[in-house]
Structures are given as C-alpha cells and as structure tokens.
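Structure, as structure tokens:
The values are calculated or read from the model by the stated rules, or taken from the named source; none is laboratory data. Being a predicted model, the structure only gives us computed values, none of them experimental. Neighbour counts are summed over all protein chains in view; Cβ atoms, including those assigned to glycine, are modelled from backbone coordinates with ideal geometry.
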Amino acid sequence: MFVMNSNVKGAVAEKAIVLAATKLGVPVLRPVAEHGRTDLALEIGGDLFRVQVKSGRLSPARDVVIVALRTSRCTTRGHIYGTYSEGEVDLFAVYCGELDRCFLLPARPLANKTTLHLRLTAARNGQRACINLANDFTFAGAVAQLARASRWQREGQGFESPQLHPNSKNAALTISADSWRVSFGYWLYRVAAGEDVVVTRRGQPMIRLTAVAPAPAPPTVKPAVPPLLSPLTAAGSA
C-alpha cells in the first residue's frame, strides 16, 4: 500500500483546491516560484486573495478534521518550525482526503497558531462555545459569501455575514444551520430587531427569517450589547 509523504499530501491538497475553485468558476493564479508563503491566489468578486493550502486529517473518532498550520523548513541544523504571521496570507484552504471535502478559512484569526480543529459533529461533552464547525467553512459557501461582499473585511473573524459588513441596510445576513441552532437566542434577538437572516445548510440557502412586526425605534440610551463572538477559534474542542 502506497503511503503518501507530506510533499505528496500537499500536492494532492493543492490540486483538490484548484479543482474545487475551477468548478465554481473561480480563476486560480499560481506563483512562478515554489516555497513561498502563498501556494496560489483566487480571484473572487473582483479581488485577489493569497491562499495557503493545507492538508487536513481525520481524528481517530472521525469527528474532527485536524489541520497543522505550522511551517517547516529543512536547514543544516535540522527542521525549523514556525507559524504564519498576520498579513502573510489572506485565506487558508484545507483539503481532507479522507472526506474528499474542501474548506476555506480567513487567515488573520489563525495568525501564529499551530493547529486548527474543524468539528464535524457535536462535541461529546456538550460544549457549544469556542468550536469551529466544519460546515461553517465549506469551500463553496465561503466563496459565495466572499463574492457577495462588496469588499471583504479582513478584520473579520469568519465567513458568517456579520463579519462581511454588507453596505446595504436591507441586505440579509447569512448564517449556517449549526450557528442558528447553537446561538438561537442571539439570532432571534437580531431578527426581532429588524434584521433579515438567511439560514443555509452545506452552503445552500434553506429558509429566510424576518421579524413579525417592524423593529421599534431605538431607545435614547442604548443598553450594552455583548460583543459578537466568532465561530472561528484556534483549535476548537476535540
């Protein structure tokens, strides 16, 4: 049985990402030299995004995709490991060969991190916070959201529409079904306040949520609102 080394795994992952992008009609650009921080570039919505491709592996329980984000280079003193600093790349594209699935994630929140966990199922301990749900970062869904955004906000923490900051006041927010389930109370408050929300499953729109009555006028003194928590964390819970 042929066992792939890290170089072969990387080559397979890069070709899988190129194929996924091509199927979506996304132009792919490649660097003229190898061993740079950027494996390729994607043209989405008129903007170019620098992409670092990573290969993901399934956990023994097959419930988490584990992605090593650290860098490695061979020197006369042995292997030197490092991480990606903020601003080096725009996106991480992940291919899991065992699932034959591709994912796309913003790079900035993962700066200086060594590992990322994408959870495929609910946590066994019932944890809901600080978990990266794989379905929130499907390749097609992420591309669709980037293409809709007039300008992607690189300070955003994920691909849910609150981080895309749409310019149109009436633009609907887009969230995954898992995010709606986990943060039901928060999104219920947002919808009741007058925002439209489209709930997707595997990147496909399923339902649209709107308030029953127009939102009341805001009070003179607005109450403190807790900051929006991103679904993207460094490692998540295994």
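Look at region 85-107 and say how many of its residues are within 26 Å of Val199 (Cβ to Cβ) and buried (at least 18 other Cβ atoms within 10 Å of the Cβ).
Number of matching residues: 11.
I'd like to check something: does region 173-187 contain any residue that is part of a strand (DSSP E or B), farther than 30 Å from Arg57 by Cβ and either of a type in the set (A, V, I, L, M) or modelled with pLDDT of 75 or more (or both)? Talk me through it step by step, then tell me what you get.
Step one: list which residues in region 173-187 are part of a strand (DSSP E or B), which gives 173-176.
Remaining after also requiring farther than 30 Å from Arg57 by Cβ: 173.
From the residues that got through so far, the ones that are either of a type in the set (A, V, I, L, M) or modelled with pLDDT of 75 or more (or both) too are 173.
Within region 173-187, one or more residues are part of a strand (DSSP E or B), farther than 30 Å from Arg57 by Cβ and either of a type in the set (A, V, I, L, M) or modelled with pLDDT of 75 or more (or both).
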